[in-house]
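One structure is given below, encoded as structure tokens.
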Amino acid sequence: MTPLKLFAVMMLVAATGSSMLARQAQTAPAAPAPPAGSTAAGPRFYPDDPIRVEPTPLPVPDVKARALSEMLEQIKNSLRKTGERHPANGVIPARAINTLGEVMDGEWYVNRHGTRRLTIEELQRGPGNANPPATGAFQVLVVKTFGLNPGMLIADTKNQLYLLRFDPYGYEGLATGVA
């Protein structure tokens, strides 16, 4: 293949995303018609709505390796902006939300106070398990004064370790002011 033809093929792949994806889109079967009483995108609400907890991910038994051309990937990622961009007429819609637009409980988020009122003891304990820091003096083990974020490693009287990170110098309230 001549260099000019190779460049044209690479440009086509970069513009379409992948020649394999383009072939799959051309040969994909047509989607079945939506059932009666629903829109083309599906029903707005389902019998189990609103879902409060993220569904458990399904296992993927046989993941197959796919040969990638390093040169093609380099050229493709050099000629276009990678990542997700907001469209000109709006914003990217949130993902991992239920039909009411609420964030579901999952590995990274638990809506503790929004679903039921917490007791004073639960609010004082904070997030996590039933092992709050022991009362008494903390022992400072390491102090980090260099870098952007100062901090320290401390231990309580039960020798549980805690990492305290502070706002960068000159930007007090930057991260801690959010909560």
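The values are calculated or read from the model by the stated rules, or taken from the named source; none is laboratory data. Please read all numbers here as calculations on a predicted model, not as lab measurements. Using ideal geometry, Cβ is built from the backbone for each residue, glycine included, and neighbour counts are taken over all protein chains shown.
Before moving on, here are some points about what is shown:
- The set of residues in the stretch 130-157 that are at pLDDT below 90, closer than 30 Å to T119 by Cα and either surrounded by fewer than 11 Cβ atoms within 10 Å (Cβ to Cβ) or in contact with a His (Cβ under 8 Å, 6 or more places away or on another chain) (or both) comprises A130, N131, T135, G136.
- V103 meets each of the listed conditions (1) in contact (Cβ under 8 Å) with a residue 12 or more places away in the chain; (2) surrounded by 14 or more Cβ atoms within 10 Å (Cβ to Cβ) apart from (1).
- Test result for T145, touching a Gly at 6+ places or on another chain (Cβ under 6 Å), among the β-branched types (V, I, T) and over 30 Å from I51 (Cα atoms): no
- Taking the criterion of being surrounded by 10 or more Cβ atoms within 10 Å (Cβ to Cβ) and either within 30 Å of R112 (Cβ to Cβ) or in contact (Cβ under 8 Å) with a residue 24 or more places away in the chain (or both), the residues of the stretch 46-70 that qualify are Y46, D49, P50, I51, R52, V53, E54.
- Qualifying residue in the stretch 137-155 (condition: within 28 Å of P168 (Cα to Cα), in contact (Cβ under 8 Å) with a residue 24 or more places away in the chain and outside any helix (DSSP H, G or I)): yes
- Among residues of the stretch 103-123, those that are more than 15 Å from the chain's Cα centre (by Cα) and either within 23 Å of P43 (Cβ to Cβ) or not in a loop (DSSP other than H, G, I, E, B) (or both), counted: 8
- Options A14, A22, A8, A33; residue that is part of a helix (DSSP H, G or I) and either over 28 Å from the mean Cα position of the chain (by Cα) or modelled with pLDDT of 55 or more (or both): A8
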